[in-house]
Amino acid sequence: MNEINITIKLKKIINDLNNNNFDEALRKLNILSQQDQNKDFINRLFASIYFKKKNWNKSIEYYERILPREAEKFKIYTNIGVAFFNLGKINRSIESYKKAIKDNYNFELAHTNLGISYIEIGEYEQATNSFASALKLNKKNFYAQKNLIDIFNVIKSKNISDHPLINI
C-alpha cells in the first residue's frame with residue numbers, strides 16, 4: 001500500500017475519532033493495522049480510541065505497547081493512571097502518576113490526579129502534598145484548590161505551611 005493511501009486512511013480514522021465515531025474508527029484501524037508498518041502510530045490511535053470509549057483495559061494494553069519508545073512518557077503514564085483509577089485500581093493509578101511525575105516533575109495534571117487518587121484511599125496528607133505541588137506549578141489550578149479546601153474541611157494538615165491556601 002502506498003504512503004498516500006495510508007495517509008488518506010489515517011486522516012479518515014482521525015476524523016472518525018474527532019467526531020466520536022469510535023466504532024467506525026476501530027473498524028478502519030483494524031484493517032489498516034494489518035497492512036501498515038507504522039505500528040507505534042497505529043497503537044497510539046488504538047490507545048486513544050479505547051481511552052475515549054472508556055475501555056480502560058484495552059487502552060492500558062495499547063499505551064503499554066507504545067511506552068518503551070515514547071519520548072514524553074509522562075503523558076502516557078498519566079493516561080494509564082486515569083484508566084487504572086476508572087477501573088478502581090487506585091494503587092496502580094498512584095504508581096502510574098508517580099512515574100509520570102518522575103518523568104516530568106512539572107506536569108501539573110499528574111500531581112492533581114495523584115492527589116485525587118490519594119483522597120480515594122483516604123490518604124489525606126499525601127493528597128495535600130500532591131495538590132500543593134500542583135499549585136506550586138500553577139497557582140490557578142482550580143481542582144487542586146478545591147480539593148485542598150475540601151481536605152482542610154475534614155482534617156488539619158500537619159504540613160500546613162506548605163499549602164498556599166492556608167492563608168485563606
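The values are calculated or read from the model by the stated rules, or taken from the named source; none is laboratory data. Values in this document were obtained by computation on a predicted structure and should not be read as measured data. Because the Cβ atoms are built from the backbone with ideal geometry, glycine has one as well, and the counts that use them run over all protein chains shown. With ligands, DNA and RNA removed, areas are computed over all heavy atoms of the protein, side chains included. Shrake-Rupley method; radii C 1.70, N 1.55, O 1.52, S 1.80 Å.
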Which one is least open to solvent (accessible area, probe 1.4 Å) among residues in region 102-113 that are within 19 Å of Pro68 (Cβ to Cβ) and outside any loop (DSSP other than H, G, I, E, B)? Asp103
Out of (1) closer than 22 Å to Ile66 by Cα; (2) touching a residue at least 12 places away in the same chain (Cβ under 8 Å), the odd one out for Ser117 is which? (1)
Just to be sure I understand, how many residues within region 10-23 are of a type outside the set (Lys, Arg) and more than 12 Å from Tyr50 (Cα to Cα)? 7
For region 42-63, which residues satisfy the criterion of being closer than 28 Å to Gln126 by Cβ and open to solvent by 20 Å² or more (accessible area, probe 1.4 Å)? Phe51, Lys54, Trp56, Asn57
Residues being modelled with pLDDT under 90 and more than 11 Å from Thr128 (Cβ to Cβ): count how many of those fall in region 140-163. 2
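Hey, among Ser33, Ser48, which residue is assigned to a helix (DSSP H, G or I), under 22 Å from Glu108 (Cβ atoms) and modelled with pLDDT under 95?
On the way: Ser33 fails: under 22 Å from Glu108 (Cβ atoms).
Among Ser33, Ser48, only Ser48 is assigned to a helix (DSSP H, G or I), under 22 Å from Glu108 (Cβ atoms) and modelled with pLDDT under 95.
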Here are the criteria: (1) more than 20 Å from Thr112 (Cα to Cα); (2) touching an Asp or Glu at 6+ places or on another chain (Cβ under 9 Å); (3) open to solvent by 50 Å² or more (accessible area, probe 1.4 Å). Tell me which single one Asn18 does not satisfy. (2)
Would you confirm, using the coordinates I've provided, whether Lys54 is modelled with pLDDT of 95 or more, on the phi > 0 side of the Ramachandran plot and within 16 Å of the chain's Cα centre (by Cα)? yes
Within region 122-145, work out how many residues are in contact with a Phe, Trp or Tyr (Cβ under 7 Å, 6 or more places away or on another chain) and either in a loop (DSSP other than H, G, I, E, B) or under 17 Å from Ala100 (Cα atoms) (or both). 3
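Which of the following residues is open to solvent by 50 Å² or more (accessible area, probe 1.4 Å) and in a helix (DSSP H, G or I): Ile66, Ile76, Ile94, Ile116? Let's see the steps before the verdict.
Values: Ile66 fails: open to solvent by 50 Å² or more (accessible area, probe 1.4 Å); Ile76 fails: open to solvent by 50 Å² or more (accessible area, probe 1.4 Å); Ile94 fails: open to solvent by 50 Å² or more (accessible area, probe 1.4 Å).
Criteria check complete, one pass: Ile116.
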